[in-house]
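Have a look at the structure below before the remarks.
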Amino acid sequence: MSQLLQQTINGLALGSIYALIALGYTMVYGVLRFINFAHSDVLMLGAFAAYFLTPRVEALLGPQSIPGAILVVVASAVICAGIGMLIELLAYRPLRNRPKLTVLITAIGVSLLIEYTCQHRHVLGAETRRFPTLFPSSDFHWQGLTINSNDIVVLSVTLFLLAGLWFVVQRTKTGTAMRAVAFNHHAAALMGININRVISFTFGLGSALAAVAGILYALKAPGIEPLMGVQPGIRAFIAAVLGGIGNLPGAALGGLVLGALETFAGGIPGVSNYRDGIAFAILILILMFRPAGLLGKLQPEKV
Amino acid sequence: MMSLGAKRFLLAAILIAATVSAFSAHFNRYFLGISIDVAINIILAVSLNLINGHTGQFSLGHAGFMAVGGYGAALCTLHLSPLVPAPLQPLVFAGALLVGGVAASLLGLVVGIPSLRLRGDYLAVVTLGFGEIIRVILQNMEVVGAASGLKGIAKMTTLGWTFGLAAVTVYVVAAAVNSTYGRGFIAVHDDEVAASAMGINPTRYKVIAFIIGAFFAGVAGGLYAHHKQFLSPTGFDFMKSIDIVVMVILGGMGRTAGVIAAAVILTLLPEYLRGFADIRMILYSLLIIGLMMARPQGLFTLSPKKATSA
């Protein structure tokens, strides 16, 4: 029983990181209808931004201080929001009215460009670096359960950001504009919505979430390197499709479900070697029965 | 290009490949190796072109089919070759390639079935998933050497085999698409709803495209296995699939001649870029982006096809 609870906690912590990343995929899909493959690299850049900012912030505020950690996270999120908007402006905006496939391949190209540029020895290099400890962490023991304080931080940060995102999308003017653009580009433009600005904002928001997710992921991972975003990126992308791509609550749910299932499967002896394949197997099974994902609505094709 | 004398083209191509192959002992080993790589990539690109280009089903899992074919064929020769006298070895090789191809096409059937219900991005993800699952399974199978790879495969792939089979692939794909029956692939690509209204069964065409495409990818995998003499699961990851997709897009989706040219260029290009080894992949990704900006219809397509919502 305690084993089960322990795995649930681990799974939720992992799943909430997936959920944060999946939100970025799903928001971009909502407004532009394509999979932004470069999202996983923005996540990696977020972790690296934090890596380089931490020593400077620590020199200012002292090591492992809570305000320092918050400052690092916010600054990285802002940097990544800028990067995300820049990618959209340079790579995706010129292709706005092209077939979806063209944009998809461009996204793969952008992703490869960021990965290979960062791996170059004069940029970041391919070696793994140790991620700094942003704030002190400790293990709590309770009824045979071990709870790492990082897991609690991850869970609470995710909940906070999900609530914030819900507020932005549902209660603000920009959020309403986002939903309008996702619903119908042309009609939104006719209503006087500046589509370019809304799309740019969506990329910024998604990339900021990815940066936070990247830092949270780096806290749990052994180290950071230019390809660190690929695996969580693929998982999050599966989570987004699992929940119904384009659907925000679906992405959060998909992330949690995937994180939990993967952790449970990893705990079963013999199955743990197949961990990388499990996420995909789950995805394929679910799509066989619900082709539009868990919460997605199937849109009949119009003639 | 396939209208008149397509069968003559096929025979001539096989004949030339076999003749050139007889002299291959005099060739520079490096160039020989590259030439075989070129032909294997032609098979891969042309077979993917049937699925992605002609039928319009965006698949990101071609490396998975190739892996199944490669491992299947390699297992066959590893176990059968010692039992068979030397003169019959080419038969064993042919049989092994066939087994690899059939194994891959069975997998193609399995992948094709979910594609009946999924389209666009969802299908891309599912095919990507199948490819990754195959890689993970291979990584854990002790029979095929697990993560350390399958070693000791005999060198059987020659110029004749690869270019001959490349000619067969081009012929089969082109003949299939240009036949009365095969126009259905293009109809499904252009508009599924309209196609089914005209009495074409899109489901059937999609599955057939996957089966044929996967078969030749499997054959290419077999040739690859007996060319490199070593197989490793990491060689068949997502990146390998992307490489083949880029060939198809560079050549122009659904344009056989362009896809062949693109396969040749993209195999040779990295060799020419060896001098810039450390920025080679950066240039490659810039090429993909630049191409999509400037010539999304493919490098060699003069009259752009009407934009289709793929």
Contact list please: Cβ distance under 7 Å, first residue in region A:266-292 and facing chain B (nearest Cβ under 8 Å) and surrounded by 15 or more Cβ atoms within 10 Å (Cβ to Cβ), second residue of a type in the set (S, T, N, Q) and part of a helix (DSSP H, G or I), pairs at least six apart or on different chains.
A:ASN273/B:ASN140; A:TYR274/B:ASN140
Region A:92-108, residues that are at pLDDT 80 or above, surrounded by 15 or more Cβ atoms within 10 Å (Cβ to Cβ) and of a type outside the set (Lys, Arg)
A:TYR92, A:LEU95, A:THR102, A:VAL103, A:LEU104, A:ILE105, A:THR106, A:ALA107, A:ILE108
Would you say A:SER200 is under 18 Å from A:ALA81 (Cα atoms), within 21 Å of the chain's Cα centre (by Cα) and open to solvent by less than 10 Å² (accessible area, probe 1.4 Å)?
no
Would you check which residues across region A:31-41 are over 22 Å from A:THR117 (Cβ atoms) and open to solvent by 10 Å² or more (accessible area, probe 1.4 Å) and list them?
A:LEU32, A:ARG33
In region A:206-254, how many are among the charged types (D, E, K, R), under 15 Å from A:LEU20 (Cβ atoms) and either touching a Ser or Thr at 6+ places or on another chain (Cβ under 8 Å) or surrounded by 24 or more Cβ atoms within 10 Å (Cβ to Cβ) (or both)?
1
Return the total of residues in region B:194-234 being in a helix (DSSP H, G or I), surrounded by fewer than 18 Cβ atoms within 10 Å (Cβ to Cβ) and touching a residue at least 60 places away in the same chain (Cβ under 8 Å).
2
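Of the residues B:ASP237, B:ASP190, only one is surrounded by fewer than 21 Cβ atoms within 10 Å (Cβ to Cβ) and out of contact with any helix residue (DSSP H, G or I) (no Cβ under 9 Å at 6 or more places or on another chain); which? Can you show your working first?
On the way: B:ASP237 fails: out of contact with any helix residue (DSSP H, G or I) (no Cβ under 9 Å at 6 or more places or on another chain).
None of the others qualify; the one that does is B:ASP190.
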Residue list for region B:250-267, restricted to those being touching a helix residue (DSSP H, G or I) at 6+ places or on another chain (Cβ under 7 Å) and part of a helix (DSSP H, G or I):
B:LEU250, B:GLY251, B:THR256, B:GLY258, B:VAL259, B:ILE260, B:ALA261, B:ALA262, B:ALA263, B:VAL264, B:LEU266, B:THR267
Cβ pairs under 6 Å, 6+ apart, first in region B:145-171 and more than 15 Å from B:PHE9 (Cβ to Cβ) and of a type outside the set (Lys, Arg), second assigned to a loop (DSSP other than H, G, I, E, B) and open to solvent by less than 30 Å² (accessible area, probe 1.4 Å)
B:GLY149/B:SER232
Evaluation of B:MET247 against (1) buried (at least 20 other Cβ atoms within 10 Å of the Cβ); (2) in a loop (DSSP other than H, G, I, E, B) (one fails), failing number
(2)
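Residue by residue, here is whether (1) in a helix (DSSP H, G or I); (2) β-branched (Val, Ile, Thr); (3) at positive phi holds:
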| site | (1), (2), (3) |
| --- | --- |
| A:ALA236 | yes, no, no |
| A:GLY246 | no, no, yes |
| A:LEU258 | yes, no, no |
| A:ALA265 | yes, no, no |
| A:ASP276 | yes, no, no |
| A:ILE284 | yes, yes, no |
If I ask for residues that are crowded, with 20+ Cβ neighbours inside 10 Å and either at the interface with chain B (Cβ under 7 Å from one of its Cβ atoms) or not hydrophobic (A, V, I, L, M, F, W, C) (or both), which ones from region A:109-126 would you list?
A:GLY109, A:VAL110, A:SER111, A:LEU112, A:LEU113, A:GLU115, A:TYR116
If I filter region B:172-192 for residues that are at the interface with chain A (Cβ under 9 Å from one of its Cβ atoms) and within 30 Å of A:PHE37 (Cα to Cα), do I get at least one hit?
yes
Does at least one position in region B:64-86 carry a residue that is within 14 Å of chain A (Cβ to nearest Cβ) and either over 14 Å from B:HIS226 (Cβ atoms) or touching a residue at least 12 places away in the same chain (Cβ under 8 Å) (or both)?
yes
So, of the residues in region B:96-150 that are among the β-branched types (Val, Ile, Thr) and under 14 Å from B:GLY69 (Cα atoms), which turns out to be least open to solvent (accessible area, probe 1.4 Å)?
B:VAL144
What number goes with the only condition from (1) touching a Pro at 6+ places or on another chain (Cβ under 6 Å); (2) closer than 26 Å to B:ASP37 by Cα; (3) hydrophobic (A, V, I, L, M, F, W, C) that B:VAL188 does not pass?
(2)
Would you confirm, using the coordinates I've provided, whether B:ALA167 is more than 25 Å from B:LEU60 (Cβ to Cβ), assigned to a helix (DSSP H, G or I), away from chain A (no Cβ under 14 Å) and not β-branched (Val, Ile, Thr)?
yes
Looking at region A:48-59, is at least one residue open to solvent by less than 40 Å² (accessible area, probe 1.4 Å), within 30 Å of A:ASN247 (Cβ to Cβ) and either of a type in the set (Lys, Arg) or out of contact with any strand residue (DSSP E or B) (no Cβ under 6 Å at 6 or more places or on another chain) (or both)?
yes
Identify all residues within region B:151-170 that are modelled with pLDDT under 80 and open to solvent by less than 40 Å² (accessible area, probe 1.4 Å); write none if there are none.
B:ILE153, B:MET156, B:THR157, B:LEU159, B:GLY160
Filter region A:75-108 down to residues that are under 17 Å from the mean Cα position of the chain (by Cα) and either over 23 Å from A:LEU209 (Cβ atoms) or within 14 Å of chain B (Cβ to nearest Cβ) (or both), then give me how many there are.
4
Which residue pairs have Cβ atoms closer than 6 Å, lie 6 or more positions apart in sequence or on different chains, and pair a first residue in region B:103-114 that is β-branched (Val, Ile, Thr) with a second residue that is open to solvent by 20 Å² or more (accessible area, probe 1.4 Å)?
B:VAL111/B:PHE130
For region A:145-229, please list each of the helices (runs of 4 or more DSSP H) lying entirely inside it that holds at least 2 residues being touching a Gly at 6+ places or on another chain (Cβ under 7 Å).
A:149-171, A:195-220
So, A:LEU45, is that one under 14 Å from A:ALA208 (Cα atoms) and modelled with pLDDT of 90 or more or not?
yes
Within region B:283-296, does at least one residue satisfy the condition of being surrounded by 16 or more Cβ atoms within 10 Å (Cβ to Cβ), part of a loop (DSSP other than H, G, I, E, B) and touching a helix residue (DSSP H, G or I) at 6+ places or on another chain (Cβ under 6 Å)?
yes
A careful count of residues in region A:115-132 that are in contact with a Gly (Cβ under 9 Å, 6 or more places away or on another chain) and part of a helix (DSSP H, G or I) gives 3
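Determine whether A:LEU12 is open to solvent by 10 Å² or more (accessible area, probe 1.4 Å) and either without any contact (Cβ under 8 Å) to a residue 40 or more places away in the chain or assigned to a helix (DSSP H, G or I) (or both).
Taking the combined requirement at face value, the residue satisfies it.
The values are calculated or read from the model by the stated rules, or taken from the named source; none is laboratory data. Quick caveat: nothing in here was measured; it's all calculated off a predicted structure. Here Cβ is always computed from backbone atoms with ideal geometry, including for glycine, and neighbour counts include all displayed protein chains. Areas reflect the complete protein model, heavy atoms only, side chains present, ligands, DNA and RNA absent. Shrake-Rupley method; radii C 1.70, N 1.55, O 1.52, S 1.80 Å.
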